[in-house]
Amino acid sequence: MKAKNPVTIGILGSACDPPHTEHMEIGEYAKKTLKLDRLILIPTKHPPHKDMPEIPAGMRLQMARVVARKRGWGVSDMEMKRRGKSYTADTIAELKKRYPRAKLFWIVGSDAIVSMPWKWKFGYDILDHCQFVGAKRRGFSMKQVPQKILEKIIVLKRAPSRQVISSTVIRKAIAKKDFKKAKQFLDPEIFRFIIRNRLYGEPR
């Protein structure tokens, strides 16, 4: 009997603070291009290279579920439940236990790949833990990444967004009441959630 191909699962980690359009576009592009069977969005509780998000984990998880539901993705709260900082190596190990027959594809932006040597636990050695997929993001060229490292990564051909899109830019725009700018980078339901719950400095 011919052996079945392993299930392929894409993993998209994000603080979801808030989740923005480029996160979603990268995930959709990777899922379609790599023909992944599933995609799981994993909100981080406390990214080790960033300050602890001010927005409660439960609200960030709610936003993750909104964008995931619309795209047929799964959501895991495994990092939310874990004590301490959220390390990718620990999450990969846990995923391998949950899905021992699956092939995992960890999807990141080029900003993460460029900063991997000094921001990530194990540095570039993390690339040996599972298959990494890199998406180009405006302002973070992978030309500075050694070729031997790039050979370990599947680099998506998706062109980066014309503008710099980040959760930081969105949070600052909302704090300044520049809702027009914030809305162009957010799912409408996420924008309404932010305003309804008065997040990111939106006046009470």
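Just so you know, all these numbers are worked out from the coordinates, no wet-lab data involved. These numbers come from a predicted model, not from an experiment. Cβ: placed from backbone, ideal geometry, glycine included. Neighbour counts: every protein chain shown.
Brief remarks follow.
- Complete set of residues in the stretch 57-75 that are small (Gly, Ala, Ser), surrounded by 17 or more Cβ atoms within 10 Å (Cβ to Cβ) and touching a Lys or Arg at 6+ places or on another chain (Cβ under 9 Å): Ala57
- Pairing each residue of the stretch 176-188 that is farther than 17 Å from Glu22 by Cα with any residue that is assigned to a loop (DSSP other than H, G, I, E, B), provided the two are 6+ apart or on different chains, yields C-beta distances under 8 Å for Lys177/Glu202; Lys177/Pro203.
- The numbered conditions (1) under 15 Å from the mean Cα position of the chain (by Cα); (2) more than 23 Å from Leu156 (Cβ to Cβ) are all true for Ala30 except (2).
- Only one of the numbered conditions (1) surrounded by fewer than 18 Cβ atoms within 10 Å (Cβ to Cβ); (2) touching a helix residue (DSSP H, G or I) at 6+ places or on another chain (Cβ under 9 Å) is violated by Met24, and that is (1).
- Out of Ala159, Ala173, Ala112, sole residue that is farther than 28 Å from Thr91 by Cβ and either under 19 Å from the mean Cα position of the chain (by Cα) or of a type outside the set (Gly, Ala, Ser) (or both): Ala159
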